[in-house]
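The values are calculated or read from the model by the stated rules, or taken from the named source; none is laboratory data. Because the structure is predicted, anything quoted here is derived from the model rather than measured. Cβ atoms come from the backbone with ideal geometry, glycine included; neighbour counts cover every protein chain shown.
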Amino acid sequence: MAMIPEGYRDVLSKKSFAHVATVGRDGAPQVTPVWIDYDGTHVRFNTARGRVKDKNLQRNPKIALSIQDPDNPYRYLQIRGRVVEVTEKGADDHIDALAKKYTGQERYAHRRPGEVRITVKVLPEKIQSMG
């Protein structure tokens, strides 16, 4: 496990988007911007069951995230690691907390009928920082 450098932990508490890279069935990379938070050990994001990220991570838990400081685009973190947990437990509350952080709204406004939310926990294994 790699630790997020103390001088960059603020990037994780800001409204910083992470670009999450996973590997598809054909070996091609797939990248999606996501909202994130940090629990002191894991970078966490939220998605829905059945989406491309979810399917890719079920096959291969290796992941990379690029997180740019919204206040200084030349300052960023690159995190490579692996997904250590995917859970539905508490995922609805988690997406609502992320919506509050990023939009100021109490609830995530883009839920779809029948959608099952999941929280993905990423354990950093290699970290690069810049800026």
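Being more than 20 Å from ILE118 (Cα to Cα) and over 13 Å from the mean Cα position of the chain (by Cα) is the filter here; which residues of segment 59-105 pass it? Within segment 59-105, ASP69, PRO70, ASP71, ASN72, PRO73, TYR74, ARG75, TYR76, GLY104 meet the criteria. Applying the criterion of being in contact with a strand residue (DSSP E or B) (Cβ under 6 Å, 6 or more places away or on another chain), in a helix (DSSP H, G or I) and of a type outside the set (Phe, Trp, Tyr) to the residues of segment 88-131, the residue that is surrounded by the fewest Cβ atoms within 10 Å (Cβ to Cβ) is ASP92.
Taking first residues from segment 85-100 that are free of Cβ contacts under 8 Å to residues at least 60 places away in the same chain and partners that are buried (at least 16 other Cβ atoms within 10 Å of the Cβ) and in a helix (DSSP H, G or I), the Cβ contacts under 7 Å between residues at least 6 apart in sequence or on separate chains come to VAL86/LEU57.
Within segment 1-36, the residues that satisfy the criterion of being assigned to a loop (DSSP other than H, G, I, E, B) and under 17 Å from GLN128 (Cβ atoms) are MET1, ALA2, MET3, ILE4, PRO5, SER16. A search for C-beta distances below 8 Å between a residue of segment 2-24 that is within 18 Å of TRP35 (Cα to Cα) and of a type in the set (D, E, K, R) and any residue that is modelled with pLDDT of 95 or more and part of a helix (DSSP H, G or I), counting only pairs 6+ apart in sequence or on different chains, returns LYS15/LYS101; LYS15/TYR102. Among the residues of segment 37-58, the one identified as among the polar types (S, T, N, Q) and more than 15 Å from the chain's Cα centre (by Cα) is GLN58. Candidates ARG44, ARG9, ARG59, ARG51: the one that is at pLDDT 95 or above, in contact with a His (Cβ under 8 Å, 6 or more places away or on another chain) and either exposed (fewer than 13 other Cβ atoms within 10 Å of the Cβ) or not aliphatic (A, V, I, L, M) (or both) is ARG44. Inclusion of GLU85 among residues that are part of a strand (DSSP E or B) and either surrounded by fewer than 19 Cβ atoms within 10 Å (Cβ to Cβ) or modelled with pLDDT of 95 or more (or both) is warranted.
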